[in-house]
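K.L.:
Got a structure here, written out as structure tokens. Questions coming.
The values are calculated or read from the model by the stated rules, or taken from the named source; none is laboratory data. All of these numbers come straight from a predicted model, not from anything done at the bench. All Cβ positions, glycine included, derive from the backbone under ideal geometry; neighbour counts span all protein chains shown.
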Amino acid sequence: MTSRAIERAILKLLEERHPGTACPSEIARALDAEAWRALMPKVREAAGRLAQRARLDVLQKGQKVELGTTRGPIRLRLATVRERPLPALSKRKDRVRTR
């Protein structure tokens, strides 16, 4: 299973549950009910990539955490709009066109 397929599965499940959360093991079980434990590291890695791109939040005890420094059970949710980083705006006035 490709990492892109795992990322798509994570986002699909979270979109279905929005605004709810999901455990990484639920996602792994949805991908392969028999061998879900072997998929757990790949699911966590995919979740980390999505979190770095501000597509989802990693939660522990209801609080947003960094996946790389967190141990123990986590939950995933779609990133809320207000928490997504905004693109940097240019402060140069010559870039603004007026008529």
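K.L.:
Please state which one of 75, 53 is modelled with pLDDT of 95 or more and crowded, with 16+ Cβ neighbours inside 10 Å.
P.N.:
Values: 53 fails: crowded, with 16+ Cβ neighbours inside 10 Å.
Only one candidate passes the filter, namely 75.
K.L.:
Within the range 41-56, take every residue that is in a helix (DSSP H, G or I) and touching a Lys or Arg at 6+ places or on another chain (Cβ under 9 Å) and give me the one that is nearest to residue 66 (Cα to Cα).
P.N.:
The extreme case among them is 49.
K.L.:
Quick one: residue 34 ticks every box in (1) part of a helix (DSSP H, G or I); (2) at pLDDT 95 or above except a single one, so which number is it?
P.N.:
Answer for residue 34: the failing condition is (1).
K.L.:
Still on this structure, please answer the following. List the residue pairs whose Cβ atoms are under 6 Å apart, where the first residue sits in the range 22-40 and is closer than 20 Å to residue 67 by Cβ, the second is of a type in the set (Val, Ile, Thr) and in a helix (DSSP H, G or I), and the two are 6 or more positions apart or on different chains.
P.N.:
Qualifying pairs under 6 Å: 24/43; 27/10; 27/43; 28/43.
K.L.:
Hey, another quick one. Given the condition modelled with pLDDT of 95 or more, touching a Lys or Arg at 6+ places or on another chain (Cβ under 6 Å) and surrounded by 14 or more Cβ atoms within 10 Å (Cβ to Cβ), answer yes or no: does some residue in the range 6-16 qualify?
P.N.:
Yes: one or more hits.
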